[in-house]
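Structure first, commentary second.
The values are calculated or read from the model by the stated rules, or taken from the named source; none is laboratory data. This one's a predicted model, so the numbers in the text were calculated from it and none came from an experiment. Every residue, glycine as well, gets a Cβ built from its backbone with ideal geometry; the counts of neighbours run over all protein chains shown. Each accessible area value is taken on the protein alone, full model and side chains, heavy atoms only, with ligands, DNA and RNA left out. Shrake-Rupley method; radii C 1.70, N 1.55, O 1.52, S 1.80 Å.
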Amino acid sequence: MSGTMQSRENVALEIRGLRIDVAESGADIVDEVDLTIRRGEVLGLVGESGSGKTTIGLAVLGHARRGVAIHGGTVRIGDRDLNGLDAKELRSVRGKLVSYVPQDPGTALNPALRIGKQILEVLETHGFGANQAEREARVVEVLSEVMLPGVPEFLRRYPHQLSGGQQQRVGLAMAFACRPAVIVLDEPTTGLDVSTQTHVLQTIRDLAARHGVAALYVTHDLAVVATLADQVAVMYAGRVVEQGSTADIFANPAHPYTRYLVAAAPEMDGDRQMVGLVGRAPSPGKRPVGCAFALRCELATEECVAEFPGVTDVGTDRPHQVRCVHAFGVPDRTALRVASTARVVRESEVALSIRHVDAGYSGTNVVHDVSFDIQRGECVALVGESGSGKSTLSRSIGGLHREWTGEIVLDGAPLEKSSRNRPVAQRLSIQYVFQNPYSSLHPRRSVADSIARPLAIAGVDARDAAIEVDRMLERVSLSSAYGSRYPDQLSGGERQRVAIARALVSKPHMLICDEVTSALDVLVQAAIIELLVDLQRDLGLAMLFVTHNLPLVRSIAQRVAVMSDGKIVELGDTAETLQHPREEYTKRLLADTPVIPTFSNN
Amino acid sequence: MSEDRKLILPRQFGRRQVILGAGAATVLAACGSDSPSGAASTTTGAPNTTAGGGADTTAAPSVTDAVTTTVAAGGKQGGTLRVGVVGSTNDIIDGQYIVARADQARMVTGWEPIANYDDDFNIAYNHGLAESIEAKAPDNYVVRLKSGIEFHNAKTLGADDLIYSFNRLIDPAQGIAPALSQFIDANSFKKLDDLTVEIKLLKPSVPFLNGLADYGANIVPVGYTRDGEQIGTGPYKLKSFTPGSESVHVRHENYWGKTYLDEVQIIDFSDQSALVNALISGDIDVAIDVPYAQATTVSSNSDLVLLESAAGNWQTITMRVDMAPFDDVRVRQAMRLIVNRDEMVQRVLSGHGRVGNDMYGVLDGSYPKSFPQREQDIEAAKALLKEAGQEGLEIELFAPDDTAGLAEYITAFAEQAKEAGITVKPTVLDGGTYWGAEYTKRVFATSYWSTRPYLNQVPQGALPDATYPETHWPPAGSDFEALYNQAIAEVDTDKRYAIIEQMQKEEYEEGGNIISYFQNLIDGHAAYVKGAVSRPNLLNFDHFGRGFQNIWLDQ
Amino acid sequence: MAGAPYWGASATAASSTFMGIFKLIVRRVLLGVVTLLVVSFAVFALTNLLGDPVHRMLGRGALPEVVKAKRAELGLDRPFFTRYFEWLKGLMTGDPGNSFSNGSPVMDIVGDRIKNSLFLMFVASMVSIPLSLFIGARAALRRDKTFDRVTSNQMLIFAAMPEFVVGAFLTVLLATNVWHVFPATSRIRPGQPPWSDWKGVILPAITLTLAVTPHVSRTMRAAMIEVLESDYVEMARLKGLPERAVLWRHAFPNAVGPTLQVIALNIAYLAGGVVVVESLFNYRGIGIALRDAIPVANAPIVQFIAMFIATIYVVCNLLADLGAILVTPRLRTRLQ
């Protein structure tokens, strides 16, 4: 990572040998972290949840969360090592020299303070400008930099009176207010609609470039990194396993894990199946001596297990560092470039028919006159931004939302509005999998009990139910040992598998998947999509796949329905629609969706 | 004990009047023993007071003014006395009519009866407004008032005030003392001169004289009303009164006796333990009525004095002599043999009382001291029950929840009854229910009484037309009522006592009361409060220091 | 821009907020009145079950004519609903009737006592609210450290102990046996303001304070912990704000909102708690008046005090709701 003298002068942030521990046990959360960012450059720090990327982000501000301690190493901004500063000196640096843009602006802005005040207080704290008037002028200026109106009416608003995108812009304004040298952005666009995300990313890029700010961009979203970052560092289990220029990382990933990440990323214009990877990274305190990825790696050999590989520079004309003895090795699964198999609808029998459905809340309609069919064995993706009405529609079909009119027919029989009024058989034959696997499972019920519950309702006796539960667990690639576990002993992906098993056990004809992967990491998401594709193919399920994530659609759905303002604006074959959208809205949506660009192999 | 209750029944001549003494036509000069030096010690234990009244030897109906020494010379003049007493917003102030203990304390500061009792419970005048009361016949009395006595408003006391006062007492609209109206009416009084009144009774009654010495039979000025100015002749005149809060009484400058204090404050407390705390922390100088449980707290404190006085208040278990199973005298006798009276004094009164002998009127001269003390005798009781065919008897015994002691009394009795092989089921009812329509109808129940002379008590509960026929005594065919009528007309004390003894004998052998104990009065005061003496008494704190005139502060 | 505090409320926004709050107050007050009407009926019906006041007053020897006359005098011979509506009318016109036991107007008896009780509640609130907010906030800051452990244990102990135990303990400690610092009982002279005997209010106020502080401080601690772990407090620290600003500007106001409801409930609880505490210290308030009135079925006093306590509950809850709205912009702006 060492550069020339000249490039060293441009270094804004230099992290060397950073180690951060769990305060109580001393187990490392991250270790041996070396990162360098130059002025005006964006470094994308990529990793799964729990990989330690946020911890590093906070350490750049000299901050460690409760129960976490910065153990050693240097975090140098300009000529100051933040790890050597006392609390008071740190306060003088934070917000001024280095600032932070949080993941969720909705919770990171103080709900009780007007936003003008929240921006102004950074300036006041650091004595920005000569007087209050200059500080107030700076508030207006920085708001215009993030393309927000600096008018009093706006400044007086409280965070809840802003949209998500506006909130994040306020977060950016706060971060840029004191013109810092370094800015840490922690997944700042998670939860934003694609178009908002695109605009926020654009703003970040412009500001960083214009003011020569070094940006550390923490994310799990490869597509965002690919479009935004100059450099990329990939983290796994608390270590940076690969870093280099964005082009090198995407075009020529050296570490198998990076390859998996790229393979798991949904691809909108390609025609291949997403590839997932089961298992999870070991948590702090449980990490092996050797390479932490060895446990999941197809290429792992004994030497991987014996010792953590050191840093190797595999770059040709620019640094490209990797910690793997099998650099550039290609795991078999990542090499799969199979065409998506769930393409052909075997039967053309209508499973679900939606006719002129309007739905809303207390008289206000959010779904307007929606009609479409889903065939047996077909998956229809329902995409749209938040507020488009897609969830209301899917909940109406599932019988979870009662305020709707029109007709929904399942297997020739019209559905009652509330699932409670539907016959048991009908209730069982339409199953719903929820977005959040953490709240959808009963915390005090074992996995087996949760899965067996629909059977009990249907009057299946206990022994047969037990057999069926095991079969279902196997079906979702979980061993029967999982039956006795409780939800808090499971990872997010495992919970979602259990939720799917529970849905499948009553042999439904129709499965509604409501943003089922949005809470999951990319590898897990890919694995779940793989599972759903298999299930749909094998069981001939009709499926409604509700998502805001357009690229995912390509991997799973035969047809896609694009929803906007409560209406289906476009409905057609997935590949056709994504490649040749007819409607303006679809076009815009596609344009705003970040995709991993094709990097030439240099 | 009874005044511990928040709810106290109105004081009437019938129910709550406390009248004691030999009560003959003869009223004896009392030997004054009011001086602190002559007083019984103010120790903490139960005073070693003999139950029984004073001797009454003079037969001639002559009346002599009491020879009285008030407080020994040397009492210091001046100061304010703060008296704490359990009281409530329901408190009232009246020269004649009161409800609660706090009302008692206030009444005695401002008003006085024409006669009082001495330490031996003979009629005296050292604290009374009469110079003499002459009994011309059992139904004819002449009252001569002391001259020169002034009311708080400087008006001089006269015969008209006495007549007005007694008419007010029997006025049904006032509801004060309806029982008195069987003896007097508005025409009973004849003013002989400015200070002398002749009273002609509607029928002969020697016990009537005791009525004149009652602490509630006070003299109020003509025209006195509850709502009007609070005027009396007592040592302190009312300055202010807020029910449930306090009253302030200032010295009556022209009082006919001697007073020491400038001011008396009677302060209401809602809770007995707060009252004792206040005494300990010095918020008050006197605590009226200290609960048994806290007696030691006061007595062990060197700054405080516990004042315990023998009193005649009694609690009884009542058996209806006209109803099964108690219509069989053997069952009644068995019940009286079952009781362990010493244990009752310990358990119910924590030792603050004296053993009873199933007889009442303990301070009266006629009290039958010669009757053998009845002791627990389970074997005898069993034998009697067997004879009566009542071994294995099961019966319910009732008590109210508003009178401290009664619930403990029946519980203890039920346990003792077990030893005799019978089952007594103690049942505590809420006071309203208990004293309601079923009261006096229950076969096996409880009651409580303050003390009065034997002949004054009998019409309350032991005659066919008794006000409260709790035991429905006497049994049919008894000569008890005839004896009573003889007794109240008999002016000769010895002869009267002889008749009384006959009546008492009948009640002792066959009566329906199980009287296990007499209760003591317990008060506490700061050591610097002087003048209160422990002696057999009707009212707390040495009869409230006779309206606090005897009390002084040694500060 | 200069001179214009643009982060302050503008006049128009303020006035529309004010109108919203005014409408809300009107709505809540109406609701409160309806609640109190329902309560009034329950109170009146229940106080009729206390027993027969005439019987209790005149005792067992009362002549039937006297009883009858007394019943008529107290108006008890009239039908239930007639009495209820007359009483209700009296309440609304400020005449809650006369005491059964001595005929004085109810207001003469309880007027001063209400002042006394309110003063006691006020003192206890003024001490306990800041104290418990402070303890809760500090315990949250020092989570699992000595201050937190000690106060949490103490608060648990105080919460578990009934007032009369705490009061008796304080009396022994500070008034009677150990030290003679304060009087064991209060004595507010008739016609004097409650603070005339300021020493006498100290022990009852401490007792009440100890009764409510645990609840409020525990709520505050929980709320504060949640707030301290919030993203915006972390954000405030990451902005480099001094710790004082982090705590008092960012954390504290957000923790107080959720605590307000508990504070209000506890103040309302004080209105009931005074019943025990007043007797303990002979503090002349409504508690003692209630205790005096119930055994003799002195219905007018019981009714008035019950309605007073009910009103305190309603008012406290109203104020808590308003307070929560005022400190919570999300709720406040909804009113505009």
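Karplus-based coupling profile of region C:166-178, in residue order and whole Hz: 4, x, 5, 4, 4, 4, 4, 6, 10, 10, 10, 9, 8, with θ = phi - 60° in 6.51 cos²θ - 1.76 cosθ + 1.60 and x standing for Gly or Pro.
Normalised size of chain C, defined as Cα radius of gyration per 2.2 N^0.38 Å with N residues, equals 1.22.
Contact with the other protein chains removes 40 Å² or more of accessible area, compared with the isolated chain and a 1.4 Å probe, from these residues of region A:134-165: A:GLU136, A:ARG156, A:TYR158, A:HIS160.
For the protein assembly as shown, the residue among A:HIS211, B:PRO113, C:VAL29 whose Cα projects farthest onto the positive side of the dipole built from Cβ charges is A:HIS211.
Counted residue by residue at 0.36 nm each, then reduced by the alpha carbon distance between them, the extension gain from A:ASP313 to A:THR405 reaches 26.8 nm.
With +1 assigned to the C-beta of every Lys and Arg and -1 to the C-beta of every Asp and Glu, and no other charges, what is the dipole magnitude of the protein assembly as shown about the Cα centre in debye, to the nearest 20?
It works out to roughly 3900 debye.
In angstrom, the C-alpha Rg and Dmax of region B:148-224 are 12.5, 37.
Counting DSSP beta bridges in the protein assembly as shown, what percent are antiparallel, to the nearest 5? So the antiparallel bridges amount to about 65 percent of the total. The share of C-alpha pairs in chain A whose separation exceeds 36 Å stands at 41 percent. Of the chymotrypsin sites (Phe, Trp or Tyr not before Pro) found in region C:132-172, not one falls in a DSSP loop while having at most 12 other beta-carbon atoms within 10 Å. Helix A:115-125 and the longest principal axis of the Cα set of chain A meet at an angle near 30°. Phi-derived couplings, Karplus 6.51 cos²θ - 1.76 cosθ + 1.60 at θ = phi - 60°, listed residue by residue for region C:77-88: 7, 8, x, 3, 5, 4, 5, 4, 5, 5, 5, 4 Hz, with x used for Gly and Pro. Considering only beta bridges that DSSP places wholly inside chain A, some 55 percent are antiparallel. Scoring A:375-387, A:227-239 by mean Cβ neighbours within 10 Å over their residues and listing the highest first yields A:227-239, A:375-387. Helix B:406-419: angle to the longest alpha-carbon principal axis of chain B, degrees 0 to 90, nearest 10? Once rounded, one gets 20 degrees. Overall form of chain B: oblate. Here a/c, set by the Cα gyration tensor axes a ≥ b ≥ c, is 1.5 or more, and a/b is not larger than b/c. Taking all protein chains in place and a 1.4 Å probe, what share, in percent, of the accessible surface of region A:111-177 do carbon and sulfur account for? With neighbouring chains kept in place, the figure for region A:111-177 is 52 percent. FRET efficiency for the A:LEU295 to C:VAL34 pair, using the beta carbon distance and R₀ = 41 Å, is estimated at 0.05.
Ordered by solvent-accessible area of protein heavy atoms (1.4 Å probe), largest first, the residues A:GLU530, A:GLU187 come out as A:GLU530, A:GLU187.
Calculated on C-alpha atoms, the gyration radius of region A:350-592 divided by its Kirkwood radius gives an Rg/Rh of 0.96. Taking Cα atoms only, the orientation of helix A:132-145 departs from the longest principal axis of chain A by about 50 degrees.
First compute the accessible area of region B:505-555 with a 1.4 Å probe, then give the percent of it belonging to carbon and sulfur atoms.
45 percent
Surface calculation, 1.4 Å probe, protein heavy atoms: C:MET161 sits at approximately 70 Å² accessible. The magnitude of the dipole of chain A, with charges of +1 and -1 set on the Cβ of Lys/Arg and Asp/Glu and taken from the Cα centre, is near 1060 debye.
Which lysines does A:LYS286 reach when only Cα atoms under 29 Å apart count, and residues fewer than 8 places away in its own chain are ignored? Leaving aside lysines fewer than 8 places away in the same chain, those within reach of A:LYS286 are A:LYS53, C:LYS145. When the C-alpha to C-alpha distance is required to be over 22 Å, the pairs from B:LYS530/C:LYS199; B:LYS76/B:LYS237; B:LYS200/C:LYS68; B:LYS146/B:LYS191; B:LYS146/B:LYS190 that qualify are B:LYS530/C:LYS199; B:LYS200/C:LYS68. Going from the isolated chain to the complete set of protein chains, region C:281-324 loses at least 50 Å² of heavy-atom accessible area (1.4 Å probe) at C:ASN282, C:ARG284, C:ARG291, C:ASP292. What a 1.4 Å probe finds exposed on region B:342-383 is 46% carbon and sulfur by accessible area, rounded to a whole percent. Probing with 1.4 Å while keeping every protein chain in the model, the per residue accessible area of region A:350-592 equals 40 Å². The phi-based Karplus calculation (6.51 cos²θ - 1.76 cosθ + 1.60; θ = phi - 60°) puts the 3J(HN,Hα) values of region C:274-282 at 4, 4, 6, 5, 4, 4, 4, 10, 6 Hz, whole numbers, x for Gly and Pro.
For the chain pair A and C, the buried solvent-accessible surface (1.4 Å probe, both sides summed) amounts to about 3100 Å².
Chain C contacts chain B over a buried accessible area of about 3100 Å², both sides summed; the probe is 1.4 Å and only protein chains count. Converting the Cα gyration tensor eigenvalues of region A:111-177 into ellipsoid dimensions via √(5λ) gives semi-axes, longest first, of 18, 12, 10 Å.
Shielding by partners for peptide C:246-252, expressed as the average number of C-beta atoms from other protein chains within 10 Å of each residue's C-beta, is 2.
Among the residues of B:409-418, the average count of other protein chain beta-carbon atoms within 10 Å of the residue beta-carbon is 0.
Peptide C:183-193 shows a mean partner chain C-beta count of 6 within 10 Å per residue C-beta. Computed with a 1.4 Å probe over protein heavy atoms only, the accessible surface of region A:111-177 comes to 31 Å² per residue.
With protein chains left intact and a 1.4 Å probe, residues in region A:251-337 average 47 Å² of accessible area per residue. Candidate cross-link partners of A:LYS390 among the lysines, defined by an alpha-carbon separation under 27 Å and a same-chain spacing of 8 or more, comprise A:LYS417, A:LYS507, A:LYS567, A:LYS587. Taking Cα centre as origin and charging only the Cβ of basic (Lys, Arg, +1) and acidic (Asp, Glu, -1) residues, the dipole magnitude of chain C rounds to 440 debye. The contact residues of region B:76-107, meaning those that lose at least 40 Å² of 1.4 Å-probe accessible area when all protein chains sit together rather than their chain alone, are B:THR89, B:ASN90.
In chain B, what % of DSSP beta bridges are antiparallel (nearest 5)? Beta bridges within chain B, antiparallel portion: roughly 75 percent. Per the Cα gyration tensor, the protein assembly as shown maps to an equivalent ellipsoid with semi-axes of 94, 37, 30 Å, ordered largest to smallest.
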